[in-house]
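Values quoted throughout were computed directly from the atomic coordinates according to the rules given, and no laboratory measurement underlies them. From a predicted model like this one, the values you see are computed outputs, not experimental measurements. All Cβ positions, glycine included, derive from the backbone under ideal geometry; neighbour counts span all protein chains shown.
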Amino acid sequence: MPSSGNLTDLSGQTAIVTGGARGLGLGIAQRLARAGCRVALWDVNFDGFEETKAGFSPTLKQTVDVSDAVAVASAFADVITETGQVDILVNNAGINGPIRSTWDYPLDAWQKVLAIDLNGVFHGCRVAAPHMRDRGYGRIINVASIAGKEGNPGGSAYAAAKGGVIAFSKSLAKELATSGVMVNCIAPTMAETELLKEMTPEFVSTIKAKIPMGRIVRVDEVAEMVAWIASPACSFTTGFTFDLTGGRATY
Ligand SMILES: NC(=O)c1ccc[n+]([C@@H]2O[C@H](COP(=O)([O-])OP(=O)(O)OC[C@H]3O[C@@H](n4cnc5c(N)ncnc54)[C@H](O)[C@@H]3O)[C@@H](O)[C@H]2O)c1
């Protein structure tokens, strides 16, 4: 079991970050790497990823579609072969899906959002959990969303998947409660990623108006929280959804 103590010291540990080629996943991977962790990135698209820009060298860069259970199991085995262990799994890969009323929501889009955003989390956990349990240590962080707590008109598939991630994480956390493996979620509101630049100023203002702090969360703030949840210091909290909404979701 890795020693506790300095919460930013994750040296000797191995993390997998899904959807780690850009956005929140990349920010989380950078933070974990800065803490001394070996980081394996899983993504379907590494086009925009550059090691020099990212500021760290991933231990592995694996093209993995998290909705494919067989590919996930195989990628996990490759990480074990390379580093011998997985201490941290950050299930971050996700898509939004189209914005449509539920009655107009295309069936194939619904299936795709659930396949990536919910099944993808299950696929990662089902291979990581027994490995971590057998080692007596592990930290699983599932990236949910405020949408999973409050719903999202027009984004019912996304909200259903994220709500599912929260309930799934509570269940798995209880299954693993005495094993040394913590399973937690984070629920951010809209973050300052590239996607934000594509939104109209009016839309961004509407989002900000719902946030008591009056601003959008920064990627480094999300990454900092994940680094703590991923560390040995997070030792008595499992099945919890950590808030990242600037005071909006105080429940
Ligand atoms: N950005 C936000 O405002 C925000 C808010 C709340 C929650 N989230 C959640 O945070 C996570 C990351 O979001 P982001 O904004 O960084 O998104 P993003 O689109 O910038 O990055 C997502 C990454 O996941 C990858 N990906 C997509 N489908 C995949 C698959 N099937 N298998 C593996 N990788 C796949 C993409 O290639 C991309 O690199 C998502 O789960 C999202 O729902 C984001």
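Work out Dmax and Rg for the chain from the C-alpha atoms and quote the Rg first, both in angstrom.
Calculated on Cα positions, Rg and Dmax stand at 17.2, 52 Å.
Where is the GNM fluctuation largest for the chain (alpha-carbon springs, 10 angstrom cutoff): LEU196, LEU32, LEU172?
Maximum fluctuation in the GNM of the chain, among the listed residues, is at LEU196.
Once amide H atoms are placed 1.01 Å from N in the peptide plane, what residues at a sequence separation of 5 or more from GLN62, or on another chain, have their amide H within under 5 Å of its amide H?
For GLN62, the qualifying residues are LEU41, TRP42, ASP43.
Given only helices, namely DSSP H runs of n ≥ 4 each adding -39500 (n - 2.57), what is the per-residue ellipticity at 222 nm of the chain, to the nearest 500 deg cm²/dmol?
On the way: 10 runs with 103 residues, N = 251.
Result for the chain: -12000 deg cm²/dmol, rounded to the nearest 500.
For a label point 7 angstrom out from the Cα of PHE203 toward its Cβ, which stretches of region 96-124 have the backbone nitrogen within less than 20 Å?
Within reach of a label on PHE203, which here means backbone N under 20 Å from a point 7 Å along Cα→Cβ, region 96-124 contributes 96-106, 109-110, 113-114, 117.
Determine which lysines satisfy two conditions relative to LYS53: a Cα distance under 24 Å, and not lying fewer than 8 residues away in the same chain.
Candidates past the 8-residue exclusion: LYS61, LYS197.
Could you tell me the calculated FRET efficiency between SER74 and ILE99, based on Cβ-Cβ distance and R0 = 25 angstrom, to the nearest 0.05?
0.15
How are the alpha carbon pair distances in region 73-145 distributed across 10 Å bins from zero to the largest one, expressed in percent?
Binned Cα distances yield the sequence 18, 41, 24, 13, 4.
Under the 0.36 nm per residue contour assumption, what length would be gained going from the current alpha-carbon distance of THR250 and ARG34 to full extension? Present the calculation step by step, with values, prior to reporting the outcome.
Numbers: separation 216, 0.36 × 216 = 77.76 nm, distance 3.04 nm.
Gain on stretching THR250 to ARG34: 74.7 nm.
List the residues whose amide H sits under 5 Å from the amide H of PHE242, counting only those 5 or more places along or on another chain, with H placed 1.01 Å from N in the peptide plane.
The answer is CYS185, ILE186, ALA187.
Sequence-distant or interchain residues sharing an amide H contact under 5 Å with ILE16, placed H: which?
Counting only residues 5 or more places away or on other chains, the set is ALA40, ILE88, LEU89, VAL90.
What FRET efficiency, computed as 1/(1 + (r/R0)^6) with R0 = 25 Å and r the Cβ-Cβ distance, is obtained for ASN45 and ASP220, rounded to the nearest 0.05?
So, using R0 = 25 Å, E works out to roughly 0.65.
Report, in debye and to the nearest 20, how large the dipole of the chain comes out about its Cα centre when Lys and Arg carry +1 and Asp and Glu carry -1 on their Cβ.
I would put it at about 580 debye.
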